[in-house]
Amino acid sequence: MSGRYQPADAFRSPRFSGIRTFMRLPYVTDMTDVDFAVVGLPFDTATSFRTGARFGPEAIRAASALLRPYNPEQDVDIFAHLSGVDAGDLQLAPGDTEGTYALAEEGLGTLIDAGVFPVVLGGDHAITLAELRAHSARHGPLALVHLDAHGDTWHEYFGQRFYHGTTFRRAVEEGVIDPAASVQAGMRGSLYSPSDIGDARDMGFTVLSTLELLDLGPAAYGDLVRERVGDRPAYLTFDVDFCDPAYTPGTGTPEVGGPTSAQAQAFVRALTGLNLVGCDVVEVSPSYDSPGQPTALLAANIAWEIISLHALARARGAGS
Ligand code: MN
Ligand code: MN
């Protein structure tokens with residue numbers, strides 16, 4: 001068995017040729033025979049510091065040209081189990097966060113209702129609320145698996161309730177995630193007060209700082225997440241500032257003292273056995289990236305690891 005839609009054959013057209021889609025997948029908007037669809041959501045006007053994540057999806061697509069179909073760490077050939085496409089970018093309204101939410105919920109809803117696993121490329125972290133709404137409307141409250149230097153559970157910024165640092169407080173208030181089944185990990189850096197993390201714990205989240213996560217290691221982290229999440233529908237969100245800015249400088253709110261790109265991959269790979277219904281990789285801001293685009297490369301590889309998790313679930317007869 002293998003999927004209808006697969007990447008372009010690199011032995012017929014070299015990887016540096018052709019129009020940039022994610023992983024050189026065909027650009028297809030008809031969801032017939034599609035298992036997963038990569039979509040961009042280039043919205044970045046809910047950032048608190050550096051803007052520029054509107055150019056994240058195109059940078060991640062360009063960096064993804066080198067991705068191959070077989071994941072040796074997971075021993076899975078993605079396209080033996082899945083048919084995948086790049087469905088382009090969702091509609092959005094720059095400068096209008098709530099307007100963008102409405103457009104994104106509608107666009108994603110079309111994919112979800114077609115039985116497609118959406119892989120969203122951000123965009124700033126505000127967009128995740130629209131995704132959580134779209135998925136929870138179909139599945140009920142979700143278990144959130146969140147890798148980020150920040151908890152994004154602040155109250156508001158400049159009087160605005162919908163910002164990239166308020167996403168998960170709003171998600172709890174709206175009932176689209178179940179904090180008791182959710183794990184935030186990677187938090188570090190300066191805060192306004194102890195309540196920044198204390199509030200998240202009071203809301204019911206399990207919160208692991210970067211140091212706690214590194215002490216735990218990938219295998220124990222995976223066990224902890226599986227124990228918290230169980231078989232609930234789960235949503236995985238990866239903010240690239242999870243990594244140290246030595247690895248992911250191209251992002252809006254960098255925090256030093258973070259994991260390496262190798263550690264980030266290992267933590268994501270450890271998340272087998274979940275009932276993932278959706279995911280995103282956010283906060284790639286290419287104009288701050290280093291030559292060689294390490295941030296976009298990491299983001300492309302994390303999206304590929306998540307697609308690998310979905311292929312593994314399909315191979316094991318779950319998560320379809
Ligand atoms: Mn974030
Ligand atoms: Mn962050």
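The values are calculated or read from the model by the stated rules, or taken from the named source; none is laboratory data. Please read these numbers as outputs of a predicted model, since none were measured by experiment. In this analysis, Cβ positions are derived from the backbone assuming ideal geometry, glycine residues included, and neighbour counts consider all displayed protein chains. Only protein heavy atoms, including side chains, enter the accessible area calculation; ligands, DNA and RNA are left aside. Shrake-Rupley method; radii C 1.70, N 1.55, O 1.52, S 1.80 Å.
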Next on the checklist: Looking only at the stretch 48-85, how many residues end up being over 30 Å from residue 158 (Cβ atoms), surrounded by 16 or more Cβ atoms within 10 Å (Cβ to Cβ), touching a helix residue (DSSP H, G or I) at 6+ places or on another chain (Cβ under 7 Å) and not small (Gly, Ala, Ser)?
Outcome noted: 9
Checklist entry - Looking at (1) of a type outside the set (D, E, K, R); (2) away from ligand 1 (no atom under 16 Å from the Cβ); (3) under 15 Å from the mean Cα position of the chain (by Cα); (4) in a loop (DSSP other than H, G, I, E, B), which is the one condition that is false for residue 43? => result (2)
Checklist entry - Here are some residues: 297, 312. Which one is in contact with a strand residue (DSSP E or B) (Cβ under 8 Å, 6 or more places away or on another chain), farther than 17 Å from residue 206 by Cα, at pLDDT 95 or above and part of a helix (DSSP H, G or I)? => result 312
Checklist entry - Say we look at the stretch 273-297 and pick out the residues that are hydroxyl-bearing (Ser, Thr, Tyr) and under 15 Å from the mean Cα position of the chain (by Cα); which of these is farthest from ligand 1 (Cβ to nearest atom)? => result 295
Checklist entry - Condition test on residue 283, is it closer than 24 Å to residue 55 by Cβ, touching a residue at least 12 places away in the same chain (Cβ under 8 Å) and open to solvent by less than 10 Å² (accessible area, probe 1.4 Å)? => result yes
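Of all residues in the stretch 170-196, how many are under 20 Å from residue 102 (Cβ atoms) and either within 13 Å of ligand 1 (Cβ to nearest atom) or open to solvent by less than 20 Å² (accessible area, probe 1.4 Å) (or both)?
Taking the stretch 170-196 and keeping what is under 20 Å from residue 102 (Cβ atoms), we get 170-171, 173-177.
Filter once more, so that each one left must be either within 13 Å of ligand 1 (Cβ to nearest atom) or open to solvent by less than 20 Å² (accessible area, probe 1.4 Å) (or both): 170-171, 176-177.
So the answer is 4.
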Next on the checklist: Just to check your reading of the model, which residue among 300, 270, 315 is open to solvent by less than 10 Å² (accessible area, probe 1.4 Å) and more than 16 Å from ligand 1 (Cβ to nearest atom)?
Outcome noted: 300
Next on the checklist: Yes or no: the stretch 131-148 includes at least one residue that is crowded, with 20+ Cβ neighbours inside 10 Å, among the aliphatic types (A, V, I, L, M) and more than 30 Å from residue 217 (Cβ to Cβ).
Outcome noted: yes
Checklist entry - Going by the conditions given, is residue 211 modelled with pLDDT of 95 or more, buried (at least 23 other Cβ atoms within 10 Å of the Cβ) and either within 15 Å of ligand 1 (Cβ to nearest atom) or of a type outside the set (Asp, Glu) (or both)? => result no
Checklist entry - Is it the case that some residue within the stretch 102-114 is more than 16 Å from ligand 1 (Cβ to nearest atom), of a type outside the set (A, V, I, L, M, F, W, C) and assigned to a strand (DSSP E or B)? => result no
Item to check | When residues of the stretch 8-25 are limited to those that are closer than 20 Å to residue 280 by Cα and either of a type in the set (S, T, N, Q) or part of a loop (DSSP other than H, G, I, E, B) (or both), the one most open to solvent (accessible area, probe 1.4 Å) | outcome: 20
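Give the residue, chosen from 83, 2, 64, that is out of contact with any Pro (no Cβ under 8 Å at 6 or more places or on another chain) and modelled with pLDDT under 95. So that I can check it myself, show each step before the final result.
Details: 83 fails: modelled with pLDDT under 95; 64 fails: modelled with pLDDT under 95.
On inspection, the qualifying residue turns out to be 2.
Can you go through 171, 185 and tell me which one is touching a strand residue (DSSP E or B) at 6+ places or on another chain (Cβ under 9 Å), closer than 15 Å to residue 235 by Cα and not in a helix (DSSP H, G or I)?
On the way: 171 fails: not in a helix (DSSP H, G or I).
Selected residue: 185, the only one of 171, 185 that is touching a strand residue (DSSP E or B) at 6+ places or on another chain (Cβ under 9 Å), closer than 15 Å to residue 235 by Cα and not in a helix (DSSP H, G or I).
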Checklist entry - How do the pairs read when you match residues in the stretch 228-256 that are more than 27 Å from residue 178 (Cα to Cα) and more than 12 Å from ligand 1 (Cβ to nearest atom) with residues anywhere that are aromatic (Phe, Trp, Tyr) and not in a loop (DSSP other than H, G, I, E, B), using Cβ under 6 Å and keeping only pairs 6 or more apart or on different chains? => result 249/288; 250/288
Item to check | Residue under evaluation residue 170, criteria (1) of a type outside the set (S, T, N, Q); (2) at pLDDT below 95; (3) touching a Lys or Arg at 6+ places or on another chain (Cβ under 7 Å), criterion not met | outcome: (2)
